[in-house]
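The values are calculated or read from the model by the stated rules, or taken from the named source; none is laboratory data. What you see is a predicted model, and the numbers here were worked out from it, not measured in a lab. Here the Cβ positions follow ideal geometry from the backbone for every residue, glycine too, while neighbour counts run over all protein chains shown. These area figures cover heavy atoms from the full protein model, side chains too; ligands, DNA and RNA do not enter into them. Shrake-Rupley method; radii C 1.70, N 1.55, O 1.52, S 1.80 Å.
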Amino acid sequence: MKKIEAIIRHFKLEDVKAALTKEGIQGMTVTEVRGFGRQKGHTEIYRGAEYSVDLVPKVKIEVVVPDADLDRVIDTIIQSAYTGQVGDGKIFVSDITQAVRIRTRETGDQALK
């Protein structure tokens, strides 16, 4: 099993969620996060004073999938989150050694369905 963490733009969340649902992904965790990369924040003006916003708001989507679905899910996220601009986000993949559904005690891939 693999855990996919995708950091994307806020306005792309519904597109990504709909695309993953269409691909049969049944569960995900969504967290509002802030950070910076090449985008390096921006400046804003508030009450006439200019100030720097170093941490850009983003959304983090976490999905755990069977190994066989990894490439398909990554491609789906890329296609639905893409704008072509700096700040589109990143995808990180980690190994998951165990998953357990609390209600039924199912483990492994069965816990993901």
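Miscellaneous remarks
- For Y82, net neighbour charge (Lys/Arg +1, Asp/Glu -1) across residues whose Cβ lies under 14 Å away: 0
- If you look at the Cα atoms of the range 2-112, you get an Rg and a Dmax of 16.8, 58 Å.
- Using a Förster distance of 30 Å, the FRET efficiency for Q110-E32 (Cβ separation, nearest 0.05): 0.45
- Degrees between helix 13-22 axis and first principal axis of the chain (Cα, 0 to 90, nearest 10): 20
- The dipole here belongs to the chain: it is taken about the Cα centre, uses +1 on the Cβ of Lys and Arg and -1 on the Cβ of Asp and Glu, and is about 240 debye.
- Once the C-beta distance of V100 and D75 is scaled by a Förster radius of 25 Å, the resulting FRET efficiency is 0.35 to the nearest 0.05.
- Straight-line cross-link reach from K58 at under 18 Å between alpha-carbon atoms covers these lysines, not counting any fewer than eight positions away in the same chain: K12, K17, K40, K90.
- Only aspartates and glutamates eight or more places from K22 in sequence, or on another chain, were considered; those with a Cα closer than 17 Å are E14, E62, D69, D71, D75.
- For the range 63-113, the convex hull spanned by the alpha carbon atoms encloses 93 Å³ per residue.
- Between the helical axis of 70-81 and the longest alpha-carbon principal axis of the chain there is an angle of about 30 degrees.
- Take the range 2-112 with all the other protein chains still there, run a 1.4 Å probe, and you get 69 Å² of accessible area per residue.
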